[in-house]
Amino acid sequence: MFRHRTIGPITPPVSVILFTFRFDPVSAAAIAVALALYIVGIVTVVRRGGRWRVLPTLAFVLLGLGSFAAIQFGFLGTYSHDLRFAFTTRIALLLFAVPALMALGRPVDLARQALTGRRLELLEGFFRSVFMKVVGSAIFSPLFGLALFTVFITPLAFPWRASETGQILVTLLVPLIGLLMILPVFDSSLHHTSFYITVEFMLAFVELILDAIPGIVLRITGHVLDHGHSIAAVVQPWYPTQLRDQQLSGDLLWFIAELADIPVLIFLFVRWSRTDKKEAKVLDEMSDEEMERLTQEHLRSFGR
């Protein structure tokens, strides 16, 4: 007869996931700075006689900064150093979920209303820069997500997770990059054609596939890919085995990467629908002469 070998718990206890807390000074400082800048922006707008709605403020503070605090101070931030699945899940949420929730607070619109003169010009210049055109493009997000998540299936993942500097970089840089990638999607000042939005929509579907690849590899591989070992100072009795830890990492990474793309797809579809209606209305209001002139200009652009 064969005996089944015990491989450790499947998941941590619910009480541990819900009630774990660890104060992180770097995260606290980041929250304080972001909140202070947002409040200063609101005060500046109100003093000039403008108005700023309560709903985006609540979205930025409760959903955006609140989700960031829950991740950093809770279970994922506490055990990110010890467990692979906490580390990868934390990064995925900081890259996708937190920036999207912060963008609901319309921080760029607030900055445009609060800034004037040279500062406003610098802000607009930054969003028109080559850097933002690359980072905010529809092709950058899937490639960056794929490159970042691919690290998890290499031996580089272990020293990254074990390094305090690496953990701090995750805290500060990952949500910032995610915010830079998502802000152009929600920027109402940008006017794109329906064709451009269609291309974005197609690339978002590509992202839906690419982002899942590292998670699938982590889930189905039968050995530990990062060649790491337990680095916990105190090993909790509910800790999964190294392989099970990797499998949980793949499960959660796959799920989050796929789920995060759905709201973006819905938003792009709604924006495409509105843009297409506006373009159709403009064409309907054109006279026959204007339509003929537009057709000739279009043909000449193709060298005909």
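Please treat every number below as a calculation from the coordinates, not as lab data. Small disclaimer: the values here were computed from a predicted structure and weren't measured. Every residue, glycine among them, receives a Cβ derived from its backbone with ideal geometry; neighbour counts consider all protein chains shown.
For T154 and A232, FRET efficiency with R0 = 22 Å and r from the beta-carbon atoms, rounded to 0.05?
Efficiency computed from Cβ-Cβ geometry: 0.50.
Using only Cα atoms, locate the centre of the stretch 235-262 and the centre of the stretch 60-139, then give the distance between them in Å, rounded to an integer.
23 Å
Beta carbons within 10 angstrom, averaged per residue: use that to sort the peptides 212-222, 52-62, highest first.
Highest mean packing first, the order is 212-222, 52-62.
In nanometres, what is the gap between the two model label sites at S15 and T241, each 7 Å from Cα along Cα-to-Cβ?
Label at S15, label at T241, 2.7 nm between them.
Pull out a ≥ b ≥ c, the square roots of the eigenvalues of the alpha-carbon gyration tensor of the stretch 1-127, then state rounded if a/c is under 1.5, prolate if not and a/b is larger than b/c, and oblate in the remaining case.
prolate
Please sort 86-99, 150-163, 123-136 by packing, taking for each peptide the average over its residues of neighbouring beta carbons within 10 angstrom, highest first. Can you show the working numbers first?
Working: 86-99: 25.1, 150-163: 17.0, 123-136: 13.1.
Answer by packing, highest mean first, reads 86-99, 150-163, 123-136.
Any chance you could run the full-extension gain for T165 through F255? It's 0.36 nm times the residue separation minus the Cα-Cα distance, nm to one decimal.
The T165-F255 span can extend by a further 29.7 nm.
What distance in nm lies between label points placed 7 Å from Cα along the C-beta direction at H223 and L62?
Modelled inter-label distance: 5.1 nm.
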